[in-house]
Amino acid sequence: MNLIKGFMLIELPTIQDGIDGTISIVESGKHIPFNVKRVYYVYNLANQVAIRGKHAHKKLEQVLFCISGSFKLNLDDGENQMEFLVYKPNVGVYLGVDLWHSMTDFSSNCIFFVLASDYYNESDYIRNYSEFINYVTVKNLKTHSNHYNHGLIQ
Ligand code: TYD
């Protein structure tokens, strides 16, 4: 069981072509749990101070692939935090809604690309950490009281 809500790893089908390389395949709606509307990729990260992310999304879902090098991913769902190294080109990191994420410690050759469920929309971002904590706390309280009102919690 994942401690962090809205996070999972997605392993892609991969074909090893021996000395001719390796192919990893992503098919929208099949290996990725949403229809991909946008792809973006990040590179030129070759410095020790680069930090990306530092935000959460209200509706956007994403899957992130580190296709070259490595970086450290920090996740926080408002209750639990975790940190791990992303380095396998055939394993994607699914980032669901309400998940504060930041990336640091990029290796010199790091390139990551992201599949996203929607077009870029700045109003979907929560870029302030205290605002994020308030947002998830209120949302969790609402979910809890709905369960209570429907008799799911006695
Ligand atoms: P941001 O999503 O914060 O990048 P990251 O999560 O990799 O740190 O975006 C950084 C800037 O780039 C911000 O000003 C918005 C802009 N941007 C777009 O215009 N379109 C996009 O698809 C993305 C991902 C970012």
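Could you tell me whether Asn2 is at pLDDT below 95, out of contact with any Leu (no Cβ under 7 Å at 6 or more places or on another chain) and either within 12 Å of Leu99 (Cβ to Cβ) or crowded, with 17+ Cβ neighbours inside 10 Å (or both)?
Yes; evaluated as a whole, the condition is true for this residue.
Which one of Lys37, Lys30, Lys54, Lys58 is at pLDDT below 95 and closer than 24 Å to Tyr119 by Cα? I'd like the intermediate steps shown before the answer.
Details: Lys37 fails: at pLDDT below 95; Lys54 fails: at pLDDT below 95; Lys58 fails: at pLDDT below 95.
Exactly one of Lys37, Lys30, Lys54, Lys58 is at pLDDT below 95 and closer than 24 Å to Tyr119 by Cα, namely Lys30.
When segment 87-107 is examined, which residues are found to be within 12 Å of the ligand (Cβ to nearest atom) and part of a strand (DSSP E or B)?
Residues satisfying the conditions are Leu95, Trp100, His101, Ser102, Met103, Thr104.
Please go through segment 48-83 and pick out each residue that is within 13 Å of the ligand (Cβ to nearest atom), farther than 20 Å from Glu11 by Cβ and under 13 Å from the mean Cα position of the chain (by Cα).
The answer is Arg52, Gly53, Lys54, His55, Ala56, His57, Leu60, Asn74.
Identify all residues within segment 10-47 that are surrounded by fewer than 12 Cβ atoms within 10 Å (Cβ to Cβ), within 16 Å of the ligand (Cβ to nearest atom) and part of a strand (DSSP E or B); write none if there are none.
Val39, Tyr40, Tyr41
What residue, among those in segment 108-122 that are near the ligand (Cβ under 9 Å from one of its atoms) and part of a strand (DSSP E or B), is nearest to His57 (Cα to Cα)?
Filtering segment 108-122 for residues that are near the ligand (Cβ under 9 Å from one of its atoms) and part of a strand (DSSP E or B), the one nearest to His57 (Cα to Cα) comes out as Ala116.
Out of the residues in segment 106-137 that are among the aliphatic types (A, V, I, L, M) and closer than 21 Å to Phe65 by Cβ, state the one that is most open to solvent (accessible area, probe 1.4 Å). Working first, answer last.
At the first step, the residues of segment 106-137 found to be among the aliphatic types (A, V, I, L, M) are 111, 114-116, 126, 133, 136.
Then keep just the ones that are closer than 21 Å to Phe65 by Cβ; that gives 111, 114-116.
Values: Ile111: 59, Val114: 0, Leu115: 12, Ala116: 0 Å².
Going through the qualifying residues, I end up with Ile111.
The values are calculated or read from the model by the stated rules, or taken from the named source; none is laboratory data. Here the structure is a predicted model, which means the values were calculated and not measured. Don't worry about glycine lacking a Cβ; one is built from the backbone with ideal geometry, like all the others, and counts go over all protein chains shown. Just so you know, the surface numbers come from the protein's heavy atoms only, side chains and all, with ligands and any DNA or RNA stripped out. Shrake-Rupley method; radii C 1.70, N 1.55, O 1.52, S 1.80 Å.
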